[in-house]
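Below: one structure, written as structure tokens.
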Amino acid sequence: MKVKTVALILLGLLVFVSGCAGLRVADYERIEKGMSKEEVEAVLGEPWVEAPKLYFYQGEGLVNATIFFNEEGKVVEKKWDDGIYE
């Protein structure tokens, strides 16, 4: 349990330190369902994490965006997280 907690803290610090200041909500809002991975990259740039069905973008602090793709590589959903929790 202790190792898992330390790993999560280190991962959080890594995300915080390596964030890309270029992620903007205005660009995120340009992403639409049906866009290809290439079209998403043209708007948001290269993802911080790339998987077959998602791109993850990290901004400043805890700001991040996740773009979800179907089997054909088209956007089916997107999620913006401004990192503000109450």
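Applying the criterion of being surrounded by 14 or more Cβ atoms within 10 Å (Cβ to Cβ) and in contact with a strand residue (DSSP E or B) (Cβ under 7 Å, 6 or more places away or on another chain) to the residues of region 43-60, the residue that is nearest to Y28 (Cα to Cα) is L44. If we keep just the residues of region 61-86 that are exposed (fewer than 13 other Cβ atoms within 10 Å of the Cβ) and either among the charged types (D, E, K, R) or under 15 Å from D27 (Cα atoms) (or both), which is modelled with the lowest pLDDT? Per the stated criteria, the residue is E86. Any chance you could count how many residues in region 74-86 are part of a strand (DSSP E or B) and without any contact (Cβ under 8 Å) to a residue 40 or more places away in the chain? Looking only at that region, the number is 2.
The values are calculated or read from the model by the stated rules, or taken from the named source; none is laboratory data. Predicted model only: the values in this text are computed from it and were never measured. Positions of Cβ are backbone-derived with ideal geometry, glycine not excepted, and every protein chain shown enters the neighbour counts.
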